[in-house]
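Novice: Pasting a structure below so you can have a look.
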Amino acid sequence: MNIKRKLFFSLLIAITSFVIAENDLNEFKIEVLAEGLDHPWSLVHISDKEILITEKTGKIRILKEGNLLKQTVQNVPESLFAGQGGLSDIVLHPNFQKNKYIYLSFSESHSINKRLSTLRVIRAQLNGYQLEEVKEIFKADPYREAPAHFGARMLFLDDKTMLITSGDGFNYREKAQSLDNHFGKVIRLNDDGSIPLDNPLIDKGKKEIFSYGHRNQQGLTLSLDNSIIYLVEHGPRGGDELNILNPGKNYGWPAITYGLDYSGATISPFTEMTGLEQPIKYWVPSIAPSSMTTYRGDKFKNWKGDLFISSMVPGDLRRIRISKKGVEEEVLIDNLGRLRNVYNSADGNLLVLSDGPNAKLYKISPK
Amino acid sequence: MLRKILLFLGAMLLVSILVIAQTTLSNFIWLIQVDMPVTFGIVISRIFQDIFTMGLLVYPIVLIINLLIFLVAVLLVKFTNFSKVITYSFAGGVAMLLLAIGIPLMGGGIYGISGARSIVGKLLFILFGILGGYVYGKGLKKD
């Protein structure tokens, strides 16, 4: 009798799981909202009907009531569009509706030596479609020779401080382990660019540093209840990582890694070490994770609280569920090419940006 | 002719192995500096592993760059009185200079072979090139 009951329940669970999986795959449709975007990187809703989209080439495009306007946002600071650099992330101040502050991250050339570049973040007031009162919030130190691995993702926390990811600059990976520079770091600042006095490493190096030992971090999101910070970063050849970000922690790059150098060389034979944080998930081979968001909408009840990661190699959208069972992963879409960004739409759907010179903005909504 | 080709391939294999060993070793030197538990056995096994994983990329690159520069050296040797050993040593050095500096410059400053990032690394790459050219020139002299 007991065995029969067990069998019955096992069968029931198997059927139910299958139905859920089938629903997940079949319950959404993909629509093109905009096309002809030139190397888009990020996007943000400034109202229910208006979306701003950054292009690495230096423009901020406006999508208004479903139409991509020819008009662009004016007075955007000049950025360096080279290598992996360009105009990158855009986020709103938590009180944007009142103060109209937006934040932009981008790569910028050195004023004299044009071979050098760095990551810069500015705050500006959005007046209509014009930026005003542009103020520098952060500039990564030192400059780098190769325009690569800028990080450049931004996120506001509940306490109105902001996190900025600053990548390892590709050629400077070892500097991710020292606290006297911004290579391979997550930075924490107040909304005006000042340094929070409770930053975790304030007496040990650069006061802005929140965590270190990162490579090229391009996905940053809070859990549904805002209690956990998730960070996803590009590894080398293999070894992309999903981490839970905690203040003052060392995430190990390049002393520990699950990947090899692009050339095939051993960067480190070690994958773990006392005092260095482990990812909650890693990918070998690499997926090139380009952004991440927590689904907060109501359109897909099954997905609420799940992480969504856009990836560029080979190019797909992944849903990650973190529970007591562990980390589960599902590839939702793999036929749109390289994906640059995934974002919670104001109406509860998901928006996805593809990558490259003739990119599209897609809406993922229930069927 | 076959002997010349084999000699060239062998000399370039030597250069590639040295480049790979230097790159792997430079990574391990840094790991030792940050107190990672590196042992002699790990270093040796990883160098041998990297010869295969890195060799797929490094050997063809070393081969192509040196081939191009050596073709110029062949003409110099043929039409001048320059010594074979010195000319090919010089050619090997120039080829590796291109690999260590020229290719990263053309690639926007990105060092695909990380061993060439430091000045010492670049100098060693050039030295390996000179050695490869020397081995090739010396081998030719026996003809």
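Laboratory data are not the source of any read-out in this text; all were calculated from the coordinates shown. Treat the numbers as computed from the prediction; the structure is a model and nothing was measured. Positions of Cβ are generated from backbone atoms using ideal geometry, with glycine treated the same way; all protein chains shown enter the neighbour counts.
Novice: Near residue A:204, which aspartates and glutamates are there with a Cα under 13 Å away, not counting those fewer than 8 places off in the same chain?
Specialist: Within the straight-line limit of under 13 Å, residue A:204 reaches these aspartates and glutamates: A:180.
Novice: Another question, if that's okay. Using each residue's phi in region A:102-112, evaluate 6.51 cos²θ - 1.76 cosθ + 1.60 at θ = phi - 60° and report the 3J(HN,Hα) Karplus result to the nearest Hz, with x for Gly and Pro.
Specialist: Taking θ as phi minus 60°, the curve returns 10, 10, 10, 10, 6, 8, 9, 6, 5, 5, 10 Hz for region A:102-112.
Novice: Using the scaling law 2.2 N^0.38 Å as the reference, what is the normalised Cα Rg of chain B?
Specialist: For chain B, the normalised Cα radius of gyration comes out at 1.12.
Novice: Now for a separate question. Looking only at other chains, what is the average number of their beta-carbon atoms within 10 angstrom of each beta-carbon in A:267-276?
Specialist: Rounded to a whole number, the mean comes out at 4.
Novice: Report, as an integer, the average count of C-beta atoms from other chains found within 10 Å of each Cβ along A:249-258.
Specialist: Partner-chain Cβ atoms within 10 Å, mean over residues of A:249-258: 1.
Novice: Name the most mobile residue of A:289, A:147, A:40, meaning the one with the largest mean-square fluctuation, in a Gaussian network model of chain A with Cα contacts below 10 Å.
Specialist: A:147
Novice: Going highest first, how would you order A:164-174, A:195-205 by mean Cβ packing within 10 Å?
Specialist: Descending packing order for the listed peptides: A:164-174, A:195-205.
Novice: Compute the Kirkwood hydrodynamic radius of the protein assembly as shown, taking the inverse of the mean of 1/r over all pairs of distinct Cα atoms, and give it in Å to one decimal.
Specialist: The answer is 25.1 Å.
Novice: Further question on the same structure: Where the only charges are on Cβ atoms (+1 Lys, Arg; -1 Asp, Glu), what is the dipole of region A:256-367 about its Cα centre, to the nearest 20 debye?
Specialist: Its charge dipole is roughly 560 debye.
Novice: Here's a follow-up. Given A:114/A:206; A:301/A:363; A:49/A:98, which pairs have Cα atoms separated by over 22 Å?
Specialist: A:114/A:206
Novice: A further question on this structure: Return a whole-number percent for the relative contact order of region A:208-351, with Cα pairs under 8 Å and 6 or more residues apart as the contact set.
Specialist: Averaging sequence separation for qualifying contacts and normalising by length gives 19 percent for region A:208-351.
Novice: Magnitude of the Cβ-charge dipole of chain A, K/R +1 and D/E -1, about the Cα centre, nearest 20 debye?
Specialist: Using Cβ point charges on Lys, Arg, Asp and Glu, chain A gives about 460 debye.
Novice: To continue, here is another question. Let me have the relative contact order for region A:66-145, percent, based on Cα pairs under 8 Å that are six or more residues apart.
Specialist: 25 percent
Novice: Now for a different question. Say we join alpha carbon atoms closer than 10 Å with springs in a Gaussian network model of chain A; which of A:56, A:185, A:206 then has the biggest fluctuation?
Specialist: Taking springs between Cα atoms under 10 Å, the residue moving most is A:206.
Novice: Here's something else I'd like to know. Give the average, rounded to an integer, of partner chain Cβ atoms located within 10 angstrom of each Cβ in B:99-109.
Specialist: Neighbouring Cβ atoms belonging to other protein chains average 3 per residue here.
Novice: Also, I was wondering about something else. How far is helix B:84-97 tilted, in degrees, relative to the longest principal axis of the Cα atoms in chain B, given as a value from 0 to 90 rounded to the nearest 10?
Specialist: Helix B:84-97 sits roughly 40 degrees off the main axis of chain B.
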